[in-house]
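The values are calculated or read from the model by the stated rules, or taken from the named source; none is laboratory data. Here the structure is a predicted model, which is why all the values come from computation and not from measurement. With ideal geometry, Cβ positions are generated from the backbone for all residues, glycine too; neighbour counts draw on all protein chains shown.
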Amino acid sequence: MKAALCITLVSMLAACTVGPDYRRPVAETPPTWKTDSYWRVGEPSHAPLALDWWQGFGDTTLNGLETQALAQNQTLAAASAHYAQARATLAQTSSLALPEVDLGANASRSRISRNRPVTNYATPNSATVQNDLKLAPTVNYDVDLFGRIRREVEGARASADESRDDLANARLVLTTDLASDYFSMRELDAEIDVLNRSVVLQNKALDYVKAQHDLGAVSGLDVLQQQALLDQTRVQAQLLLNQRAQFEHAIAALVGTPAPQFAIAPALDDRPLPPIPLGIPSDVLQRRPDVSSAERAMAAANAQIGVAKAAFFPSLTLNGTIGWESTALSSLISAPSLLWTIGTMASQVVFDGGRRSAAVDFANEGYTAAVANYRQTVLGAFQQVQDGIVGLSVLDGAAKQSHAAVDDAQRLLSLANDRYSGGLVAYLDVITAQQQLLTSQRQDVQIRGQQRSVSVALVKALGGGWDANDAAHDDEAVANAAQTKHEQDHRETRIVSGETMR
């Protein structure tokens, strides 16, 4: 009866878990996104983004770069290793809830001194030489009376989930940064093409003015004006080549290739932008890995409060040993050689100078900070999505106006050339018209490039295909990254002339 009561009491105490149970704090969520007359959210717009969202842009070179980056980027490999570490920590912490079994063995031969102090004057000492063989497994079990271990496991599990979300966020940041740099480079390709075409036209204009000057129809001032404009345009094109090289080098670092061994051929891209499904604002809380990571950090911080509070309560450890001890190996495993012990150790802190109270305060403030970080992350997510929506709205209207500006500038240049040929205006009007056309054309391609960059930023703000309800792809990413880490030393990948070559 007493034994049953003790077991029941220990079981009831072991069911206690001190500290607050975790509940996700409420974050304010707007009902809809704010749009304007330029751009409206398509219907239906609740479909999630694909994990390989960059395929929607229809650029095979970008697709190859993204695949290479996911396989070879070292920042992503480091995030994968951190996730593996977090899972190992969870396994290690979970093992604390199980008994620890140690197998101990001892073998010794010793001589006892005859001249040692006597313990009984009636019995004289004698020198002896004997063996001592011992085989005794030991079991230690920390009875989790007040849930300290359970809270530690809870915190480790939340930290592992947080690390998993950090890996997904590293993947998102990598793929979006790569796409953003790629489209910035393509925008420079288009801008350089505009300048090169302007150089061709200005060369023709210079030849025409020189011919007129040779005939004595115009002064040397017209020739110098056209020559100055041509030289200025060439300088602008040369400076853009340096900017393009910077983006190309950045892409090389992202895909894990040394910059001197990396090159992407210039190309023009006039494909339309893919549709980006928005969904309702609350979807962002499930679609963004950084939001999910911040939420898991709250759960881990909440568990630490329970761990700190459990330190106020007694700890109980059960231990036992069963084995054999003998002076001869032949009689070691036998009933007379059997030995066993069973015991328990309980401890309770009586005075610690406020150390445990300070630990609880520290854990409480850590949770408060995690809540604030979570809510700020949610606010930042809504800001970034709304920035993307407004940015695409404004750029859509600006693109239409920019197309009209290019058409107007082309007509202006044609009219200026006709009036100059007829002797009605000075050549300065032609120069001005050429500059206006060049400015309008560069602005037009810059807006197209900005549209792609803002589209990528909106994809990033929406989570890039990641979904908190389905994180299986993160485990797959871990496995792929681990495999790639072993293979990448035996593989060289180069991108030459826009093609992936292995």
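Of all the residues in the stretch 134-152, those that are out of contact with any Pro (no Cβ under 8 Å at 6 or more places or on another chain) and surrounded by fewer than 19 Cβ atoms within 10 Å (Cβ to Cβ) number 7.
Of all residues in the stretch 262-285, at least one satisfies being closer than 30 Å to Leu462 by Cα and without any contact (Cβ under 8 Å) to a residue 60 or more places away in the chain.
Please tell me if Tyr208 is free of Cβ contacts under 8 Å to residues at least 24 places away in the same chain and in a helix (DSSP H, G or I). Yes, satisfied.
Would you mind stating whether Leu428 is at pLDDT 90 or above and either in a helix (DSSP H, G or I) or touching a strand residue (DSSP E or B) at 6+ places or on another chain (Cβ under 7 Å) (or both)? So Leu428 fails the test.
Checking each residue in the stretch 396-442 for being farther than 25 Å from His213 by Cα and in contact with a Lys or Arg (Cβ under 9 Å, 6 or more places away or on another chain) picks out Ala399, Ser402, Gln441. Among the residues of the stretch 382-392, is any within 25 Å of Ala310 (Cα to Cα), assigned to a helix (DSSP H, G or I) and assigned by TED's automatic domain parsing to the domain that holds Gly449? Scanning the stretch 382-392, I find no residue that is within 25 Å of Ala310 (Cα to Cα), assigned to a helix (DSSP H, G or I) and assigned by TED's automatic domain parsing to the domain that holds Gly449, so the answer is no. Any chance you could count how many residues in the stretch 206-238 are within 16 Å of Asp429 (Cβ to Cβ) and among the charged types (D, E, K, R)? So the count comes out to 1.
So, in the stretch 237-261, exactly how many residues are part of a helix (DSSP H, G or I), touching a residue at least 24 places away in the same chain (Cβ under 8 Å) and of a type in the set (A, V, I, L, M, F, W, C)? Summing the residues that are part of a helix (DSSP H, G or I), touching a residue at least 24 places away in the same chain (Cβ under 8 Å) and of a type in the set (A, V, I, L, M, F, W, C) in the stretch 237-261 gives 7.
Against the numbered list (1) farther than 30 Å from Ile342 by Cα; (2) of a type outside the set (Lys, Arg); (3) outside any strand (DSSP E or B); (4) without any contact (Cβ under 8 Å) to a residue 24 or more places away in the chain, Ser95 comes up short only at (1).
Rundown of residues vs (1) out of contact with any strand residue (DSSP E or B) (no Cβ under 9 Å at 6 or more places or on another chain); (2) small (Gly, Ala, Ser); (3) outside the structural domain of Leu273 (by TED's automatic domain parsing); (4) at pLDDT 90 or above, yes/no style:
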residue: Ala86; (1), (2), (3), (4): yes, yes, no, yes
residue: Thr123; (1), (2), (3), (4): yes, no, yes, no
residue: Val139; (1), (2), (3), (4): no, no, yes, yes
residue: Val153; (1), (2), (3), (4): yes, no, no, yes
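Out of the stretch 318-373, which residues are assigned to a strand (DSSP E or B) and in contact with a helix residue (DSSP H, G or I) (Cβ under 8 Å, 6 or more places away or on another chain)? Within the stretch 318-373, Trp324, Glu325, Ser326 meet the criteria. Screening Asp161 against (1) over 30 Å from Gln304 (Cβ atoms); (2) modelled with pLDDT under 95; (3) within 29 Å of the chain's Cα centre (by Cα) leaves a single unmet condition, (1). Reported count of residues in the stretch 384-393, each being of a type in the set (Val, Ile, Thr) and surrounded by fewer than 17 Cβ atoms within 10 Å (Cβ to Cβ), is 0.
Taken over the stretch 383-426, the residue count meeting the criterion of being over 30 Å from the mean Cα position of the chain (by Cα) and among the hydrophobic types (A, V, I, L, M, F, W, C) is 13.
Taking the stretch 133-155 as the range and being not in a strand (DSSP E or B) and not basic (Lys, Arg) as the test, the residues that pass are Asp144, Leu145, Phe146, Gly147, Ile149, Glu152, Val153, Glu154, Gly155.
In this structure, is Ala245 more than 19 Å from the chain's Cα centre (by Cα) and at pLDDT 95 or above? Considered against the rule, which asks whether it is more than 19 Å from the chain's Cα centre (by Cα) and at pLDDT 95 or above, Ala245 comes out as yes. Scanning the stretch 339-383 for residues that are surrounded by 12 or more Cβ atoms within 10 Å (Cβ to Cβ), more than 30 Å from Arg288 (Cα to Cα), in contact (Cβ under 8 Å) with a residue 12 or more places away in the chain and among the aliphatic types (A, V, I, L, M) turns up Leu339, Val349, Ala359, Val360. Residues that are under 20 Å from the mean Cα position of the chain (by Cα), assigned to a loop (DSSP other than H, G, I, E, B), farther than 30 Å from Asn302 by Cβ and assigned by TED's automatic domain parsing to the domain that holds Asp21 do occur in the stretch 65-79.
Out of Thr89, Thr175, Thr93, one residue alone is surrounded by 11 or more Cβ atoms within 10 Å (Cβ to Cβ), β-branched (Val, Ile, Thr) and under 30 Å from His249 (Cβ atoms). It is Thr175. For the stretch 1-60, the candidate set comprises residues that are outside any helix (DSSP H, G or I) and of a type in the set (S, T, N, Q); within that set, the residue that is modelled with the highest pLDDT is Thr17.
Kindly provide the set of residues from the stretch 209-247 that are charged (D, E, K, R) and surrounded by fewer than 18 Cβ atoms within 10 Å (Cβ to Cβ), ordered by number. Those that are charged (D, E, K, R) and surrounded by fewer than 18 Cβ atoms within 10 Å (Cβ to Cβ): Lys210, Asp214, Asp231, Arg234. Considering (1) assigned by TED's automatic domain parsing to the domain that holds Ala335; (2) part of a loop (DSSP other than H, G, I, E, B), the lone condition that Pro277 does not fulfil carries the number (1).
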